[in-house]
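Trainee: To start, I am sharing the structure in question, which I have written as structure tokens.
Read-outs throughout are calculated quantities, based only on the coordinates presented, and are distinct from any laboratory measurement. Owing to the predicted nature of the structure, the values given are computational and were not obtained by experimental measurement.
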Amino acid sequence: MKVELVSPDSEVAPRHWVRHDQAFAMMLRPGSIEWGSKRMALEKFDYAAGDLALCDRHVGEWVGLMNVTHLQLGISDAALMASSDGAYGEVELRASRKFANTRLSALVAAVHAEMVAGFPSGRLFLDSVEQAMAVALVNGHAVRHRAVQICRGGLGPARLRRIRELVHAKMEDDLSLDEMAQAVGLSTAHFARMFRKSTGETPHQFFLRQRLERAKAMLRAPEARVLDVAVACGFKTQQHFAQVFRDVWGVSPTEYRQGPVGSEETCAADTGSEDTARLVNFGS
């Protein structure tokens, strides 16, 4: 778990942030923050001590005025997955710029006290608190996602984590099976077999699904152009992106964005093995 104390800075110019880790914050003193999807249309939120904010990930946002001291925490995907019925992949949480949760506030207060004391309790304490936070975040903010059963055997957690990090780092680029295998020190054939045994997906299916999940997240920003989303997610043309998106989710990127909040109802094709079967047929 990453822990950072952010002090007031009322003079800061608006900055564009894209967070790829799951971050949330608790306000330690009253104050305000300006947030927004556009630089010239920021919305001011007034906070009391103990108020919480849960950030979007993979979706850029502008942050301006920050005159409130807050503790920002990064929750690992491993902790979120462990709280999500053994799902493998990225656990998606609904962002919220201001909310209250007494359990989460108490846990963050414990981390703050530990930080002030110089972290005397060690890593195990922070890991335990992080897991409790992950449970509360998943229970209160998780968006429905397709769980992928992890089979016995296969790649170990460290190797799976390395592959996941590589996939996210190379999301906009081509990524070969050789590169993935080399990253964990295995032959290509052995890696492919072990990866599928671990996740229930081929490396190609996994990589493409991660691209499409990022695309869904980015499309929630109203100002995001479909072409920009396609490029950011590694598709060479907007047409190819739209074709793959429709074949997997059952709607076009534009229809997904115009659907109900979260667009989960719109994505009628977002179901289990049917998705995986469709992913086999499309490259990147």
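Trainee: Report, by chain and number, residues whose modeled amide H sits under 5 Å from the one on Asn67, excluding near sequence neighbours (fewer than 5 apart, same chain).
Mentor: Asp9, Ser32
Trainee: Starting from the amide H of Gln22, placed 1.01 Å from N in the peptide plane, find each other amide H under 5 Å away whose residue is 5 or more places distant or on another chain.
Mentor: Ile75
Trainee: Using θ = phi - 60° and the Karplus curve 6.51 cos²θ - 1.76 cosθ + 1.60, what whole-Hz ³J(HN,Hα) does each residue of the stretch 29-44 get, with Gly and Pro shown as x?
Mentor: 9, x, x, 9, 9, 9, 10, x, 7, 10, 4, 8, 9, 7, 10, 8
Trainee: Run down the lysines and flag those whose C-alpha is under 21 Å from the C-alpha of Lys38, throwing out any fewer than 8 positions away in its chain.
Mentor: Reachable lysines: Lys98, Lys216.
Trainee: How much length would be gained if the chain were fully extended between His190 and Ala142, taking 0.36 nm per residue of separation minus their Cα-Cα distance, in nm to one decimal? Walk me through the numbers on the way to the answer.
Mentor: Numbers: separation 48, 0.36 × 48 = 17.28 nm, distance 3.43 nm.
Value of the extension gain: 13.9 nm.
Trainee: Something else now. Determine ³J(HN,Hα), in whole Hz, for all residues of the stretch 186-199 in sequence, where each value follows from phi through the Karplus function 6.51 cos²θ - 1.76 cosθ + 1.60 and θ = phi - 60°; x replaces Gly and Pro.
Mentor: Whole-Hz 3J(HN,Hα) from phi for the stretch 186-199: 10, 5, 4, 5, 5, 4, 4, 5, 5, 5, 5, 5, 6, 10.
Trainee: For Leu93, enumerate residues with amide H under 5 Å from its amide H, sequence gap 5+ or separate chain, H modeled in the peptide plane.
Mentor: Here the answer is Val143, since their amide H atoms fall under 5 Å of that of Leu93.
Trainee: Can you return the lysines within cross-link range of Lys197? Criterion is Cα-Cα under 25 Å, with same-chain partners fewer than 8 residues away left out.
Mentor: Lys170
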